[in-house]
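Presented below is the structure to which this report refers.
We did not get these values from a lab; they are worked out from the coordinates using the rules stated. Since the structure is predicted, the reported quantities are computational estimates derived from the model, not experimental observations. No Cβ is skipped: glycine too gets one built from the backbone with ideal geometry, and neighbour counts run over all protein chains shown.
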Amino acid sequence: MKIFFIKEKSAAAVKPAGILSVLMLFFMVLPAGINASEFRGIFNSIIPTDGNFDFPRTVMELSALADPQLNVNVELSRIETMAGEIKKRLRPNASGAEAVYGINEYIYGVMGFRFDEHANEYIFKKTVNPASVDMKNYESLRIVMRERQGICVSLSMLY
């Protein structure tokens, strides 16, 4: 069983993590005003070529592109603390389903993270005035960690 907060150091982790990184491009970084060419250069400098992929660090570094106030090491420390708490709560031979339940219970129950319905209304262009919503509040992992609310893609980064 793996706790997904823990650093992955294998080439096998690159493909799924790369997919999530691309999702971050569309949902978090490009709306922040970084063009695709700038992103490509920065992305290539963040993603290692030797197959050693540190998913949490890469996610934080990508989020820092959209939020320059994000301190990568501070946020990684917060995530490592959360991972440690989750590991304490899980039995050593927990099944995958038990691990998911334990992670969900900690993130949503103990820590109180939640999806913000207001953002959902904005995303689907319902009743909210787009000028009144600052999507950075849902996209910056620093703000998501502080406010304990976000949109699906930002909350999924906690896993």
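The slack between Arg146 and Tyr101, meaning 0.36 nm per residue of separation minus the straight C-alpha distance, is 13.9 nm. Between Ser156 and Glu85, the contour length at 0.36 nm per residue exceeds the alpha carbon distance by 23.8 nm. Highest mean packing first, where packing is the average number of other Cβ atoms within 10 Å per residue, the peptides 79-86, 150-157, 90-97 line up as 150-157, 79-86, 90-97. Here the calculated FRET efficiency for Glu38 and Val110, from their Cβ-Cβ distance with R0 = 30 Å, stands at 0.20, rounded to the nearest 0.05.
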